[in-house]
Amino acid sequence: MGTDFREFDVAEYLDSEDTIAAYLEVVLSEDDPQAFIKAIGDIARARSMTEISRKTGLARQNLYRQFAEGGNPSFFTVRKVLDAVGVSLVPRAKA
């Protein structure tokens, strides 16, 4: 008798701006641009890609494509999506 496991989906746990900000902080510390793009896609899915599309004025299908693996969204798109989910990128000096 085998055990069935559900595939982990981080989007199910991104339920507040604080959680989203913490997730982005961890991903940014990895210094992997593709991981960052994927993380924004996870966040957009958690908040409803349809709602993000409505708030940003960007097509839902294009958002899915741009934030999928191998996607290459513009900085403008990244900023619009982050603004729509209620978080911002804040630069700070390195320690």
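The values are calculated or read from the model by the stated rules, or taken from the named source; none is laboratory data. It should be emphasised that the depicted structure is a prediction, and the values quoted were computed from it without experimental measurement. Here the Cβ is made from the backbone with ideal geometry for all residues, glycine too, and neighbour counts use every protein chain on show. Protein only, heavy atoms only, side chains kept; ligands, DNA and RNA dropped before computing areas. Shrake-Rupley method; radii C 1.70, N 1.55, O 1.52, S 1.80 Å.
For residues in the stretch 1-42 being more than 25 Å from Lys94 (Cβ to Cβ) and part of a helix (DSSP H, G or I), which is most open to solvent (accessible area, probe 1.4 Å)? Before you say what the answer is, go through the steps one by one.
To start, the set of residues in the stretch 1-42 that are more than 25 Å from Lys94 (Cβ to Cβ) comprises 1-16, 41-42.
Still in the list and also part of a helix (DSSP H, G or I): 10-13, 41-42.
Working: Val10: 29, Ala11: 14, Glu12: 97, Tyr13: 121, Gly41: 7, Asp42: 7 Å².
Only one residue tops the list, namely Tyr13.
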task: Give, as residue ranges, the helices (runs of 4 or more DSSP H) completely inside the stretch 43-95 that count at least 3 residues that are open to solvent by less than 60 Å² (accessible area, probe 1.4 Å) and touching a Lys or Arg at 6+ places or on another chain (Cβ under 8 Å).
output: 49-56
